[in-house]
2 protein chains.
Amino acid sequence: MTEDELRDLPLRERKKARTRQALIDTALELFTERGFDGVTLDELCDAVEISKRTFFRTFTSKEDVAGAPTHDLWIAFLDDIESRDPSGAAILPFLCDALLSVIDRMPAEGWTRRVLLNLRLADKTPSLDAHCRYLCDLITRTALDILSRRFDVPPERDDPRLRLALDMAVAAFHHALEGWAADPAEPTRASLTARIRDTFAAVPGALTLPLTPR
Amino acid sequence: MTEDELRDLPLRERKKARTRQALIDTALELFTERGFDGVTLDELCDAVEISKRTFFRTFTSKEDVAGAPTHDLWIAFLDDIESRDPSGAAILPFLCDALLSVIDRMPAEGWTRRVLLNLRLADKTPSLDAHCRYLCDLITRTALDILSRRFDVPPERDDPRLRLALDMAVAAFHHALEGWAADPAEPTRASLTARIRDTFAAVPGALTLPLTPR
DNA sequence: CACTATAACGCCACTCAGTGGCATAAACCT
DNA sequence: AGGTTTATGCCACTGAGTGGCGTTATAGTG
C-alpha cells in the first residue's frame with residue numbers, strides 16, 4: 001500500500017493502514033536487531049504506541065507481523081492470476097509470468113528490504129518459518145480454486161496435475177527466494193527476477209535427474 | 001517402535017519409549033474427541049500420569065506430539081535413502097520406492113489409525129498444520145544432504161534440480177496422503193500405496209498441463 | 001453545525017504454553 | 001550394597017493470546 005493509494009481511502013482506513021505499516025517496519029527492525037524471541041509483543045506495541053489488544057486486531061500472531069511482506073506478495077499473486085491471460089501457454093510459464101509481474105508491481109520504496117528481512121528472520125526462527133509455510137499453503141489452495149474456476153481442467157480428486165503444478169511453482173519460487181536472500185551481494189529486484197526465471201527453467205530437468213553413486 | 005524391538009533396550013529406554021507412545025496415543029484420542037485447542041497440556045499430562053515438565057523432555061511442543069506419527073515416518077524415510085540402491089533409476093522413482101518401502105515396514109498394530117488421526121487433526125488445526133510443514137521441510141533439507149553426499153550431483157547453489165525433485169516428491173506424497181485421509185471408505189495401507197504410485201505417475205504430465213479458458 | 005450511530009481503541013484480568021532451577025527418585029555400574 | 005548418572009516432579013515465572021467493557025474518534029444525517 002503506497003502513500004498515493006492511501007489518499008483516497010476514508011480517514012479511518014488510512015489510519016489503520018498506517019498503523020499496520022508502522023507495526024511491520026518496527027517489528028522487522030526490532031526482530032532483526034535483537035532476534036524474534038528477544039523482543040516481546042509489549043515492547044513492540046510500546047514502540048508503535050499501540051495497545052496489545054490493537055495489535056491482535058491487525059495481526060493474528062507475533063509471527064504474522066513478521067511474515068506480512070511475503071504474505072502481501074502472495075495476496076497480490078492471487079489477484080493477478082484472477083485475470084491474467086494464459087495466451088495458450090502451459091501452466092508453469094503462466095505461473096512464472098504471474099510471479100514476475102507481481103514482483104514488478106510491488107511498491108518501490110523499501111519493499112526489497114522488508115521482504116529480505118522477513119526471509120532472513122524466517123530462516124532462523126522456526127515458528128516464523130512454520131507460519132509462513134502455512135500461509136503459503138492457504139494461498140496455494142485458493143490459487144487452485146481460482147484456476148480450476150477459470151480454466152477447463154479436471155477436478156483435483158480425479159487429476160492431481162493442477163495441484164502438482166502449483167506446488168512445483170511454489171517450490172521453484174521458494175528456492176529462488178532462498179538463494180536471493182542469502183546472496184552476499186546486495187539483493188535487488190532484478191537479481192530476484194533473474195533467479196526466478198532460472199529456477200523455473202530448471203524444473204523440467206529435475207524430473208529426470210540421474211543418480212550415479214559417487 | 002514395536003514391542004519386539006523394545007525388549008532389547010535397557011529398562012530406562014524402554015520406559016521412555018512407552019511413555020512417549022502413551023502420550024501420542026492419548027493425545028490423538030483426546031484431540032480428536034474434543035479438538036486440539038479443547039485439551040490443555042495439563043489434562044493430557046494428567047491422563048498419562050506425567051508431569052508437564054516431563055512432557056517437554058519428550059516433545060518440543062503441544063503440536064509436536066500430535067505430529068509425531070508423520071514425523072516418525074519421515075525419520076524412517078531418511079534412514080531408508082541413506083542406503084537404498086538407486087539401480088540406475090532417475091530421482092523420482094527412487095524417492096517413490098523409498099516411500100513405499102518405508103510405509104510397508106511401519107508397525108502393523110495401529111499405525112494406520114495414528115497417521116490418520118494425525119492427518120485429520122492437522123487438516124483442521126492451523127498451528128499443527130504449520131508445525132508439520134516445518135518438520136517436513138527440515139526433513140527435506142536433511143534428505144538433500146544425504147543424497148548430495150551419496151550421489152554425484154552438482155551442489156544446490158549451482159543447480160537446483162535435486163532440491164526441486166525432492167520438493168516434487170514431497171508434494172506428490174502430501175497430495176496422496178491428503179486424498180487418502182479424506183477417503184470416506186476405510187483407508188488402508190494398500191490404498192495409500194496405490195495413491196502414492198498414482199500421484200507420482202502424474203508428476204511429468206503436470207508440467208505441460210495446458211490452460212484453456214472455460 | 002450539532003447529534004446519533006458505529007466502529008476502533010485502551011485497559012484489565014485471565015488462561016495456558018513453555019522454561020529454569022533444584023530436590024528427589026529411579027536405573028545403571030562394579 | 002554403594003556411589004554415580006540420568007530421568008522425574010514440583011514450583012515459580014515469563015510471555016502470547018483472548019474476552020469484556022468503558023471510552024474515544026470517525027461517519028453519516030437533519
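In the assembly of identical copies, B:SER51 has its label point, taken 7 Å from Cα in the direction of the beta carbon, separated from the corresponding points by 3.9 nm (ascending, one decimal). Taken residue by residue and averaged, Cβ atoms of other chains lying within 10 Å of the Cβ of A:158-170 number 6.
If R0 equals 22 Å, the separation of the Cβ atoms of A:THR212 and B:ARG197 corresponds to a calculated FRET efficiency of about 0.30.
Close Lys pairs in the protein assembly as shown (alpha-carbon distance under 22 Å; sequence gap of 8 or more, or different chains): 15.
What the pair-distance distribution of the range A:1-140 shows, using all Cα-Cα distances binned every 10 Å from zero, is 11, 37, 35, 14, 3, 0 percent. Taking a ≥ b ≥ c as the square roots of the eigenvalues of the Cα gyration tensor, the range B:100-154 is oblate, since a/c reaches 1.5 or more and a/b is not larger than b/c. Projected label points at B:ARG84 and B:LEU138, each 7 Å from Cα along the beta carbon direction, are separated by 2.2 nanometres. Using only alpha carbon pairs under 8 Å that are at least six residues apart, calculate the relative contact order of chain A and give it in whole percent. Once normalised by length, the contact order is 20 percent.
Enter the mean projected area of the convex hull around the alpha-carbon atoms of the protein assembly as shown, in nm², rounded to one decimal. Computing the convex hull of the Cα atoms and averaging its projections yields 23.5 nm². Other protein chain C-beta atoms within 10 Å of residue C-beta, averaged over B:196-202: 2. Helices of chain A meeting both criteria, an alpha-carbon length of 18 angstrom or more along the long axis and an average Kyte-Doolittle score not below -1.0, with helices taken as full DSSP H segments, are A:11-34, A:68-81, A:91-104, A:111-124, A:126-150, A:161-182, A:189-207. Considering only A:LEU117, A:LEU92, A:VAL48, the residue lying farthest towards the positive end of the dipole of the range A:1-126 is A:VAL48, judged by Cα position with unit charges set on Cβ. If each label sits 7 angstrom from Cα along the C-beta direction, how far apart, in nm, is B:ASP80 from its counterparts in the other copies? The projected label point of B:ASP80 is separated from its counterparts by 3.7 nm.
Within 10 Å, at most 15 other Cβ atoms, and a DSSP state outside H, G, I, E, B define an exposed site. Report the longest part of chain A free of exposed GluC sites (Glu not before Pro). Value returned for the longest uninterrupted segment is A:110-214. In a simple Cβ point-charge model (Lys, Arg +1; Asp, Glu -1; nothing else charged), chain B has a dipole of about 240 debye relative to its Cα centre.
Bear in mind these aren't lab numbers, they're just calculated from the coordinates by the rules spelled out. Source: prediction; values computed, not measured. A quick note on method: Cβ atoms are made from the backbone with ideal geometry, for glycine too, and the neighbour counts reach across all protein chains shown.
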